[in-house]
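Worksheet: the structure to be examined is printed underneath.
FYI, it's all coordinate maths here, none of it is from the lab. Keep in mind it's a predicted model, so treat the numbers as computed, not measured. As a convention, Cβ positions derive from the backbone with ideal geometry for all residues, glycine included, and neighbour counts pool all protein chains shown.
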Amino acid sequence: MRVLWTGFIVALLVLSAVSVCAQDLLIDSAEEVAEAPAGAQLRAAISADLIDLSSLRAAATHSPAGKTLRLTLEEAIHIALANNPDIVIAGYEPEKAGAEKLAAHGEFDPVLQQNINYTNSSMSLDQRMRRYAGFSSMDSAGTVTETTLGGKLKTGTRYAVQFNMNFEESTFDDFQGEYGGQLGFTLTQPLVRGFGIAANTIRIRAADNLRAISEAQLELTILNKIADTIKSYWDLAGASEAARVQEGALRNAERLLKINGKRRDIGTAADLDVLQAKAGVAMRQSELIAAYARVHDAGDILKLALNLQDEGLFSSVVIIPTDRPNLETDQTFDMDMMTERIETGVETALKSRPEMRMTDLEIANAELDEQRARNEMLPQLDVVVSYMRGGRDRRLASTISGIASEQDRTYAIGIQGSLVINNRSAHGAQQRARLNVRQAEERRKKTEMALMMGVHYAGRSVMTNKVLMESTRQTVRLQEANVSAEEKRLQLGTTTSYQVLLVQEDLTAAQVQKLQARIAYEKALIDFQLATGTLLCELGIDPAEG
């Protein structure tokens with residue numbers, strides 16, 4: 001940067017000095033004769049050796065050491081798909097949504113419970129029991145095991161299977177132990193609140209929608225990041241081409257310096273002409289150094305998009321883009337059909353852009369929340385059916401046989417219900433859910449308008465940049481003719497080196513504008529494909545495969 005600023009300062013000082021000197025040289029001949037010593041000093045001040053170009057030339061021709069990576073646009077896209085951190089992060093969201101669905105299914109997983117209790121007690125008997133039993137206290141010991149398998153079905157039915165087995169011995173039976181067992185089954189079926197598959201699978205359906213939303217979000221991330229990668233690639237290609245333009249400008253300035261050197265040698269030019277040409281070379285060298293810096297900056301931006309690293313550190317590799325925009329051919333977008341293409345693009349965007357799927361799914365989830373809230377407003381009314389069989393004996397095998405043969409049995413059926421008076425909690429939740437649905441619907445309308453506006457904006461940008469591309473192409477042709485004509489006039493002695501430098505500068509500016517217009521056009525095409533949602537399809541990328 002110090003060399004760059006030095007070049008600019010030197011060039012500006014020289015041009016100022018040249019301008020002052022040129023004015024002083026236009027004094028009449030009488031004054032020149034009267035001030036001959038001052039004129040000699042002036043000629044010494046504008047010596048051709050006043051400017052030393054060696055430092056700037058060394059900086060302009062310096063090539064940084066390091067590895068290079070030649071990269072096509074297609075290769076850059078594939079690297080971004082695999083390495084871009086935003087795409088990688090977004091890729092986890094569908095898996096997280098799948099975990100949410102798995103958790104939602106867990107509501108219907110059966111639960112197995114097992115309890116084992118051992119009890120040992122000694123209790124004093126009251127007066128009547130002492131008279132009846134003939135002893136003053138009762139000692140007992142027992143073991144109780146309870147096994148339950150229960151759960152819930154998607155219809156809302158709750159079930160429970162229970163198996164209980166106990167063994168008890170006490171003073172009453174002279175510590176002759178006895179087994180008792182029960183096998184029971186209970187069903188509870190909601191008739192109003194919580195009835196049916198639709199009411200009980202809301203969370204699963206919401207999880208399905210959430211996964212679809214995350215997949216659409218992943219597609220949107222891929223869309224945006226691939227578009228950014230392509231535009232970064234073209235920015236690097238444009239910066240590289242701009243550096244070549246500056247190299248050409250430097251060669252033109254050096255050619256002018258050589259011409260003026262020959263003209264001075266044969267006596268048709270003064271040191272002032274050579275000095276002006278050197279100032280032009282210094283300025284072009286400074287501009288070339290700045291162009292190289294912009295190339296490296298654009299390369300770093302592309303490396304960030306590709307997440308290129310060297311052993312965990314930001315990569316120092318120099319990317320060389322091998323694809324270049326074609327500055328002469330026109331292969332897309334018929335301008336007469338642009339209006340129709342924009343209208344078609346709007347229709348395509350409303351069908352293809354992932355934001356539309358996301359808003360539709362958000363509405364669906366809001367409606368599911370409202371459905372859940374409406375269900376919670378209903379009264380509870382359940383039918384409960386139970387059945388139990390049991391057996392009892394001093395031997396375990398006989399007890400189990402008694403259970404199998406229904407030694408003891410019980411049947412029961414009943415209805416249970418509850419009603420929350422006013423139920424303001426459920427009414428508030430239902431009202432909030434209904435408003436969420438309306439909000440989601442309004443967000444969808446807003447998204448539609450934004451997408452349609454984006455297509456119109458991108459379409460106009462394509463048209464504008466195409467016109468600018470053609471305009472700058474014509475400007476370059478004109479400036480090339482001007483440079484050729486001005487150099488011929490210089491050889492004939494009818495113009496000055498300063499004027500040739502100005503015309504060369506105009507040519508360089510026109511060439512840079514032509515290149516910028518083409519890069520802007522390429523990026524506008526990407527923006528149009530991005531706005532219509534067709535970019536990935538055009539590139540042959542399937543987001544589902546990622």
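Any idea which of GLY493, VAL467, MET449 is furthest toward the positive side of the dipole for the range 428-502, if Lys and Arg beta-carbons carry +1 and Asp and Glu beta-carbons -1? Final value for the positive-end residue is MET449.
Ordering of 147-154, 287-294 by packing is 287-294, 147-154, highest average first (other Cβ atoms within 10 Å, averaged per residue).
Exposure proxy for THR344, THR494: other Cβ atoms within 10 Å of each Cβ, ordered fewest to most, give THR494, THR344. Amide H to amide H, with H built 1.01 Å from N, ARG193 comes under 5 Å of LEU381, counting only residues 5 or more places away or on other chains. Pairs with C-alpha atoms separated by more than 32 Å, drawn from the list LYS154/LYS351; LYS101/LYS303; LYS96/LYS152; LYS152/LYS446; LYS231/LYS488; LYS258/LYS514, are LYS154/LYS351; LYS101/LYS303; LYS152/LYS446; LYS231/LYS488.
For the range 177-280, what ratio Rg/Rh do Cα atoms give with a Kirkwood hydrodynamic radius?
Answer for the range 177-280: 1.82.
Across the range 532-537, computed HN-Hα scalar couplings (Karplus, 6.51 cos²θ - 1.76 cosθ + 1.60, θ = phi - 60°) run 7, x, 9, 4, 5, 5 Hz from first to last residue, x flagging Gly and Pro.
What you get for the range 364-510, charging only the Cβ of Lys and Arg (+1) and of Asp and Glu (-1), is a dipole of about 680 debye around the Cα centre. Dipole of the range 215-258 computed with +1 at Lys/Arg Cβ and -1 at Asp/Glu Cβ about the Cα centre; of ALA237, ILE222, LEU250, farthest Cα towards the positive end is LEU250.
Can you sort SER461, SER405 so the residue with the fewest Cβ neighbours within 10 Å comes first?
Values: SER461 18, SER405 10.
Fewest-to-most Cβ neighbours within 10 Å comes out as SER405, SER461.
Largest first, the three principal axis extents of the alpha carbons in the range 233-389 are 125, 52, 26 Å in whole numbers. Counting other Cβ atoms within 10 Å as a rough exposure proxy, the listed residues ASP360, ASP273 run ASP360, ASP273 from fewest neighbours to most.
Charges were assigned to the Cβ only: +1 to each Lys and Arg, -1 to each Asp and Glu. The resulting dipole of the range 356-445 about its Cα centre is roughly 140 debye. Between GLU74 and ARG460, the FRET efficiency from the beta-carbon distance, with R0 = 30 Å, is close to 0.55.
What you get for the range 429-546, charging only the Cβ of Lys and Arg (+1) and of Asp and Glu (-1), is a dipole of about 680 debye around the Cα centre.
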